[in-house]
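The values are calculated or read from the model by the stated rules, or taken from the named source; none is laboratory data. Keep in mind that this is a model prediction, so the values were computed, not measured. Every residue, glycine as well, gets a Cβ built from its backbone with ideal geometry; the counts of neighbours run over all protein chains shown.
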Amino acid sequence: MSEAITERTLTEQLRDLSSGEYSSRDLTEAYLQRIEYSSGINAFITVSAEQAIKAADRADERRAAGETAPLLGAPIAHKDIFCEKGVRTSAGSKMLDNFISPYDATVVSKLRDAGAVSIGKTNMDEFAMGSSNEASFYGPVKNPWNTERVPGGSSGGSAAAVAASLCSAATGTDTGGSIRQPAAFCGITGLKPTYGRISRWGMIAYASSLDQAGPMARCAEDCALLLTHMAGPDQRDSTSSSEAIEDYSIALKSGISGMKIGICREFMEGLDSDVAAILDNCRTVLSDLGAEFREVSLPNSHLAIPAYYVIAPAECSANLSRYDGVRFGYRCEGPENLEDLYKRSRSESFGREVKNRIMVGAFALSAGYYDAYYRKAQQIRRLIKQDFEQVLGEVDMILGPTTPGPAFRLGEKVDDAKSMYLQDIYTISANLAGLPALSMPAGFTEAMPIGAQLIGNYFCEAKILKAAHQYQQVTDWHKKKPVVEKAS
């Protein structure tokens, strides 16, 4: 296997491709070999080998003809929640196991237009509902650092694929932490942009007011490059923002001297001692780079999880009503009537976690309970947003933990919903407020990666990417790589 070229960052690979060190075909074939070698990780649902080789050859032909494109020839993996024309798009569910998308999601088409090669679709929690990637119809993804542990969810396949050097970078989605939490568990960098920064068109919906696409890569430099070519308005998505985008790569180059960073009091209370020590070291590094720290408070942050687990299920119960066994997706055998078709198609194809959230959401929206649950949760959401607005009027960003601890063991929390949901305790509030947030590798405990989280103000992705990049210029946590064993 050509491990040397597959373990380089996306930015480094693009430089190598431009200088002729190797071809896109060489790189793509090397990744396809690694995917087969590492199949025990179960990071992919679909590997588009034939299509990827053809796309790589076209990229090489374009480069030979003197054409250029920002991501020309780089093999990218897409979370299997993004529709890709002619490729199965399952959202990790039996319901969509037979669904071949007739069109590309905006994210997919924008990255292809930038020259990227789509190498396959990564595994995920069913309909993005989960924090461990164990709620997938295609089986759990395993963490490349320790295959007895989870990679995080719901974008666990993308995180594991990047960590195990199975692709140059990957796309993910984040509804309550689904980019940042698996990025932390797998030792990579993941960015959830401001809500609306990237179009959701063609991204299978879970909770429409919370879902946001974002990049997952080895380092902040790669995430900045990807975001530049993923972001922007889209007439097909009424929630996409018309706010001007910038070349996020250029923004990385200046220092962070004088940047004001807040440490949230509530995030540090009761924090695991190893994680607290890692964050303290992260703070020291950023201080040495010129950042100024002050303590801040988000008094309503403890209400984020209960509010989220009313709002998100309510929206999912509405969004998933389209899966009726009639137009597309799974259809039960021999239905007796329309009611039987609906009931059996859904009960036979949705997994346990999806069913649980649909039921919770339907209850929260039902007559007599809407005001007590859904309306109250939205009021709490507004309080959380106001807390952030006040704090981010005083500081440029907030530094905190991404997760309570390292990746837990497979099966450890499957039957403990409360413990599983608490894995997102530090990430959910940014989704409720619609803010950009990034997780970057910051240390290890129990021989597993730990991530530090930076939460910024609206459309200030450039600032948090710059802080992460400057941190990564003087640390090497993001350069650590797991030893991946051959699938048995």
Can you name the residue in the stretch 442-466 that is in contact with an Asp or Glu (Cβ under 8 Å, 6 or more places away or on another chain) and of a type in the set (A, V, I, L, M) and is also surrounded by the most Cβ atoms within 10 Å (Cβ to Cβ) among such residues? Ile450
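For (1) of a type in the set (Gly, Ala, Ser); (2) closer than 22 Å to Pro215 by Cβ, each residue gets a yes or a no:
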residue: Ser242; (1), (2): yes, yes
residue: Tyr248; (1), (2): no, yes
residue: Ser257; (1), (2): yes, no
residue: Ala277; (1), (2): yes, no
residue: Arg283; (1), (2): no, no
Being assigned to a loop (DSSP other than H, G, I, E, B) and among the β-branched types (Val, Ile, Thr) is the filter here, so list the residues in the stretch 175-222 that pass it. Thr175, Ile179, Ile188, Thr194, Ile198, Ile204
Quick one: what pairs do we get from the stretch 469-488, first residue part of a loop (DSSP other than H, G, I, E, B), second surrounded by fewer than 20 Cβ atoms within 10 Å (Cβ to Cβ) and of a type in the set (D, E, K, R), C-beta under 9 Å, 6+ apart or different chains? Lys481/Glu7; Ala487/Glu36
Need the failing condition index for Gly270 against (1) buried (at least 16 other Cβ atoms within 10 Å of the Cβ); (2) without any contact (Cβ under 8 Å) to a residue 12 or more places away in the chain, just the number. (1)
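Looking for something surrounded by 19 or more Cβ atoms within 10 Å (Cβ to Cβ) and either assigned to a helix (DSSP H, G or I) or in contact (Cβ under 8 Å) with a residue 40 or more places away in the chain (or both) - is there at least one such residue anywhere in the stretch 365-372?
Taking the stretch 365-372 first, the residues surrounded by 19 or more Cβ atoms within 10 Å (Cβ to Cβ) are none.
The answer is no, given that none of the residues of the stretch 365-372 is surrounded by 19 or more Cβ atoms within 10 Å (Cβ to Cβ) and either assigned to a helix (DSSP H, G or I) or in contact (Cβ under 8 Å) with a residue 40 or more places away in the chain (or both).
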Identify, from the list Ala377, Ala362, the residue that is surrounded by fewer than 18 Cβ atoms within 10 Å (Cβ to Cβ), at negative phi and small (Gly, Ala, Ser). Ala362
Go through the stretch 1-37 residue by residue and tally those that are small (Gly, Ala, Ser) and at pLDDT below 95. 2
